[in-house]
Amino acid sequence: MIARTWHGRVPAAKADAYYTYLLATGLPDYRTTPGNRGVWIFRRIEGDVAHFMLLTLWDSMDSIKAFAGPNYEKARYYPKDDAFLLEMEPFVTHYEVLGAPEDTVA
């Protein structure tokens, strides 16, 4: 199993709207891609900035490539992301999952 993380920053005043936007855009794409094992959204408000961390779990790199395309190390963005994000971080991070609660590992 492979974990993929993405980080983004939005103005804190837009944090709730951005969460709603994520629920309508990226999350359905993640969840409907074969091989996706789940999506977790983390948010931390730090002063005027809200940090979002998305963690997705995947069966394989091939599953990730089906979602992200051949340049799977690059972050995937949606057309209205620039209305929220303070910057477009160029890359995501992948991790080999070595251990997890038993209900998430096959």
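The values are calculated or read from the model by the stated rules, or taken from the named source; none is laboratory data. Values in this document were obtained by computation on a predicted structure and should not be read as measured data. Every residue, glycine as well, gets a Cβ built from its backbone with ideal geometry; the counts of neighbours run over all protein chains shown.
At-a-glance table
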read-out: Residue under evaluation V49, criteria (1) under 15 Å from the mean Cα position of the chain (by Cα); (2) among the aliphatic types (A, V, I, L, M); (3) within 17 Å of L86 (Cβ to Cβ), criterion not met; value: (1)
read-out: Residues within segment 4-32 that are under 13 Å from S63 (Cβ atoms) and either surrounded by fewer than 17 Cβ atoms within 10 Å (Cβ to Cβ) or in contact with a Gly (Cβ under 6 Å, 6 or more places away or on another chain) (or both), tallied; value: 3
read-out: Sole residue being in contact (Cβ under 8 Å) with a residue 40 or more places away in the chain, of a type outside the set (V, I, T) and assigned to a helix (DSSP H, G or I), chosen from A3, A17; value: A17
read-out: Extreme residue, surrounded by the fewest Cβ atoms within 10 Å (Cβ to Cβ), among residues of segment 42-62 that are touching a strand residue (DSSP E or B) at 6+ places or on another chain (Cβ under 6 Å) and either of a type in the set (V, I, T) or part of a loop (DSSP other than H, G, I, E, B) (or both); value: V49
read-out: Selection count, segment 63-106, where residues are exposed (fewer than 13 other Cβ atoms within 10 Å of the Cβ), assigned to a helix (DSSP H, G or I) and either of a type outside the set (A, V, I, L, M) or modelled with pLDDT under 90 (or both); value: 4
read-out: Index of the failed condition, L27 passing every other in (1) within 14 Å of A3 (Cβ to Cβ); (2) at pLDDT below 95; (3) in contact with a strand residue (DSSP E or B) (Cβ under 6 Å, 6 or more places away or on another chain); (4) not hydroxyl-bearing (S, T, Y); value: (1)
